[in-house]
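The values are calculated or read from the model by the stated rules, or taken from the named source; none is laboratory data. This one's a predicted model, so the numbers in the text were calculated from it and none came from an experiment. Neighbour counts run over all protein chains shown; Cβ positions are idealised from the backbone, glycine included. Note: areas computed on protein heavy atoms with side chains; ligands, DNA, RNA excluded. Shrake-Rupley method; radii C 1.70, N 1.55, O 1.52, S 1.80 Å.
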Amino acid sequence: MMPIEIPIFMYHGHVDNVFAVAWSPDSASIASGSRDKTVSIWNALTGKVSCIYRGHSSYLLSVAWSPNGNYIASGDTSGVVQVWEANTGRNIVSYHGHKRFVRSISWSPDGSFIASGGDFGENTVQIWAALSGKLVYTHRQQYRIFGVAWSPDGKRIASGSFDGSVQTWEAMTGINVVGYRSLTSPIYATTWSPNGAYIASGGENNTIQVWEATSGESICMYKGHNNSVKALAWSPDSIYIASGSDDRSVQIWEAASGKSITAYRGHTSWVRTVAWSYDGQYIASASDETVHVWQPFSFTRHSNLFSTP
């Protein structure tokens, strides 16, 4: 039977559903964004809160930590993205380019720019200067953007949408758009492997597709979930993928083969967000108002959480 994981910590600081989590680059802290309109920053293993950001007036949908660890970008249901200092909560800029739901945010690897995706009547990916809010360009070729990911080398951007497509293009010009449509149902999560070689997307048909980022050649399709896939995270070595689903599980599997490695089944409701720490040791996943932190390769069994794949 497949091993099962148990949490080493649960964060209960929010009073409503948590839709986004992000690790700090040093893997010491987690930022969690909630429907309670706050972003909490807390120690990943103790839950000690260092900052609570209350600058949003609408529900939080997306959170992303800057590559240098100094800033956090957070997006909400009113279409506003705010960039603020991670250690103080001081607002740096508020970006108002979107009309509605900002479901995804991705920093450029050098921390200079942000790509943000708009959903629910918005239908754009917007690229803008992270600390000034100056718009660079707008990508309009997809319907309802659920996932945006900047390639690790900073050269391209990938976005997945409700129309079932994933597109990639040159990050700073918006040209040379390449489209993939291996899934025929809405895509809810899109992520680039840390080594830049692969793109993964998951969606409403319960599967995750992995393909080679340049050629579009299919590498693997994972079919381990029995409900929609809403969140994806690569391991730092680009070997494994964590996938969170409406079936209340987070599953770990090999990206090249689709082999199931382990699963976390401690959530009592749908999983909307999953993040892998930069040191590869931990995963944070959220369901309801609680964030769970656990070790993906501890292979510790627990009968209350275990179920066969």
Quiz item: In a GNM of the chain with a 10 Å cut-off on Cα contacts, which of 275, 242, 129 has the highest mean-square fluctuation?
Solution: 129
Quiz item: Picking from 125, 206, 96, whose Cα lies most toward the positive end of the charge dipole for the chain (charges on Cβ: Lys, Arg +1; Asp, Glu -1)?
Solution: 96
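Before anything else, pin down the relative contact order of the stretch 36-107: Cα pairs under 8 Å, at least 6 apart, normalised by residue count, whole percent. Before the final figure, lay out each step's value.
Working: 165 pairs, mean separation 19.2, N = 72.
Computed over the stretch 36-107, the figure is 27 percent.
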Quiz prompt | Under 13 Å from the Cα of residue 230 - aspartates and glutamates, other chains or at least 8 residues apart | solution = 204, 246, 247
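In Å², what does the accessible area per residue of the stretch 195-309 work out to with a 1.4 Å probe?
On the way: 4480 Å² over 115 residues.
Heavy-atom SASA per residue in the stretch 195-309 reads 39 Å².
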Practice problem: Match the structure shown to one of the listed values (1) 1.07; (2) 0.90; (3) 0.95 of Cα Rg over 2.2 N^0.38 Å, computed from it, and give that label. | Solution: (2)
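Taking K and R as +1 and D and E as -1, what net charge do the other residues with C-beta under 11 Å from the C-beta of residue 235 add up to? All intermediate terms of the calculation are to be shown ahead of the outcome.
Working: positive: none; negative: 237, 254, 279.
Result for the neighbourhood of residue 235: -3.
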Quiz item: Can you tell me the accessible area per residue over the stretch 87-135, all protein chains present, probe 1.4 angstrom, in square angstrom?
Solution: 43 Å²
Quiz item: Any idea what the relative contact order of the stretch 30-160 is, in percent, if you count C-alpha pairs under 8 Å spaced at least 6 apart?
Solution: 16 percent
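Would you mind giving the three semi-axes, in whole Å and largest first, of the ellipsoid equivalent to the stretch 70-118 according to its Cα gyration tensor? All intermediate terms of the calculation are to be shown ahead of the outcome.
Details: eigenvalues 62, 34, 12 Å².
Working from the Cα gyration tensor, I get semi-axes of 18, 13, 8 Å.
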Quiz item: Between residue 50 and residues 5 or more places away or on another chain, which pairs have amide H atoms under 5 Å apart, with H built 1.01 Å from N, and which residues are they?
Solution: 41, 42, 43
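At a 1.4 Å probe radius, carbon and sulfur cover how many percent of the accessible area of the chain?
Values: 5660 of 11980 Å².
About 47 percent, which is the carbon plus sulfur part of the accessible surface.
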Quiz item: Where a Cα-Cα gap under 25 Å defines reach, which lysines qualify for residue 223, not counting those fewer than 8 residues away within the same chain?
Solution: 259
